[in-house]
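Rule-based calculations on the coordinates, nothing more; no lab input. Just so you know, these numbers come straight off a predicted model, no measurement behind them. So basically every Cβ, Gly included, is an ideal-geometry build from the backbone, and we count neighbours across all protein chains shown.
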Amino acid sequence: MKLTALRKLTGRIELITGLHIGSGNTEMHIGGTDNPIIKNPVTGEPYIPGSSLKGKMRSLLEWELGVVGTTEGKPLGFGHLDRLPPDVDPARAKRLLKLFGGAPEGGDQNQALVEEIGPTRLAFWDASLCADWVAEMKARSLLLTETKMENMIDRIRGVAEHPRNTERVPAGARFEFALTLRVHDDEDLLADIYRGIRLVEYTGLGGSGSRGYGKLRFVELALDGAPVQDDYERLSLANVA
């Protein structure tokens, strides 16, 4: 196995609805929100962790492939390949392991299989807010986040109960998107990557997706600086064979 190229896929993520990716902060602050979002500790600006993008894309591709039952909800690993359902394409399962990685399991792991899959191909970078969008918001004296109020309605009395607030990045915000791809032996895994991105567009990102949060789109995609938005639109809508 030989490393034949390192490729970089870049673009922008545009929010169609507000996005909430929680910070895990359990402290209560006077005047603060019940459910804050993750922010850069230096700039205070919200961002999308690369781990969130990777985890969502991987999960969706595994659901689409039909292996989640076999893995019992865990990420697809080397040990699952010998007990895939009959309707699952083993070649595609191996491609997912190539893209996202999979730790060998047990001391008797098939070394030939480990060598065939090789190292993880994808690296996702944290997506920071686009500088031009931040400048636009500051010029209009607008904040980079919003607080959305929610409550539960008593079905019998018709009154609101248990009010709560959630911090979000507002619709219209733009983030810089980037990932890098290791290419071994001139393999072509782009169709799987594009399909994963499309699935994220279909289902959204972050929390409260069932309540309309996290809908987004990927735009201005470029591979090594060359525009590939048309390729993405074509390949991401096709079946990944």
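With each label modelled as a point 7 angstrom along the Cα→C-beta vector, the Asp132-Thr43 pair spans 1.6 nm.
Stokes-Einstein diffusion for the stretch 109-202, with the hydrodynamic radius set to the Kirkwood value over Cα pairs and evaluated at 20 °C in a medium of 1.002 mPa s, equals 117 µm²/s. Exposure proxy ranking for Val228, Val159, Val183, based on other Cβ atoms within 10 angstrom of each Cβ and starting from the fewest, stands as Val159, Val183, Val228. Candidate cross-link partners of Lys2 among the lysines, defined by an alpha-carbon separation under 24 Å and a same-chain spacing of 8 or more, comprise Lys94, Lys98. In loop segments of the stretch 114-202 as defined by DSSP, the trypsin sites (Lys or Arg not before Pro) with at most 13 further C-beta atoms inside 10 Å of their C-beta are Arg140, Arg155, Arg157. Checking the cross-link pairs Lys39/Lys74; Lys56/Lys215; Lys8/Lys54; Lys54/Lys215 against a 18 Å limit on the alpha carbon distance flags Lys39/Lys74 as lying beyond it.
Pairs of C-alpha atoms in the chain farther apart than 23 Å represent 57 percent of all such pairs.
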